[in-house]
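Below is one structure, written out as structure tokens; the observations come after it.
The values are calculated or read from the model by the stated rules, or taken from the named source; none is laboratory data. Treat the numbers as computed from the prediction; the structure is a model and nothing was measured. Cβ sites come from the backbone with ideal geometry, for glycine too, and all protein chains shown count toward neighbours. When the accessible area is computed, the model is the full protein with side chains, heavy atoms only, and any ligands, DNA or RNA have been set aside. Shrake-Rupley method; radii C 1.70, N 1.55, O 1.52, S 1.80 Å.
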Amino acid sequence: MKTFLLTITAATILITGVATAQDAPFAREIKVRQGIMGYRTMNVAILGAMAKGEVDYNAEQAQKAADNLLTAASIDMSMLWPEGSDDFANPDTRALAKIWEGGSDVGAKAQALVDAATAMQAAAGIDLASLQGALKGVGDACTACHEAYRASAN
């Protein structure tokens, strides 16, 4: 009887776990892509703090953050954006379904970030003025994609 109850309990836990996983489509992909976005954000924040004078400009740290940003922006994330991993299907993301619609320019927007990160990598270690000049391109690339393809926080 004890074995039977343990088997039923284990099966119930397993079924509940599977049902929970099915309630959140593409949870793993969403979590990973959000992690990569968070890493990008961290490096942009380092550069932004220097650009605004919130922390002293440090060429070595600026270069490291710019290198990291370019590396993170260059990752092929296509496996992390399966159709149906949008905010309607899963509340853990703010990605809008229009990313997957015909005519979407999300690829071009991703390339714009790579281009801006490349310019930042070339400028960040030179001096503060160069970093400041390159930061606008990075911000513009991030904003363009988020305004088009990310739901508001409200």
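Each residue in the stretch 97-123 was checked for being over 21 Å from residue 75 (Cα atoms) and within 18 Å of the chain's Cα centre (by Cα), and 2 pass. Contact map, the stretch 68-89: first residue more than 18 Å from residue 101 (Cβ to Cβ) and aromatic (Phe, Trp, Tyr), second residue at pLDDT below 95 and open to solvent by less than 80 Å² (accessible area, probe 1.4 Å), Cβ cut-off under 6 Å, separation 6 or more or different chains; the map is empty.
Across the stretch 52-79, the qualifying residues are those that are part of a helix (DSSP H, G or I) and open to solvent by less than 30 Å² (accessible area, probe 1.4 Å), and the one among them that is farthest from residue 149 (Cα to Cα) is 62.
The set of residues from the stretch 92-116 being farther than 15 Å from residue 149 by Cβ and in contact (Cβ under 8 Å) with a residue 60 or more places away in the chain comprises just one member, 92. Of all residues in the stretch 100-154, those that are over 17 Å from residue 64 (Cα atoms), open to solvent by 60 Å² or more (accessible area, probe 1.4 Å) and part of a loop (DSSP other than H, G, I, E, B) total 7. Being under 15 Å from residue 72 (Cα atoms), part of a helix (DSSP H, G or I) and modelled with pLDDT of 50 or more, is that true of even one residue in the stretch 7-30? Checking the stretch 7-30: not a single residue is under 15 Å from residue 72 (Cα atoms), part of a helix (DSSP H, G or I) and modelled with pLDDT of 50 or more.
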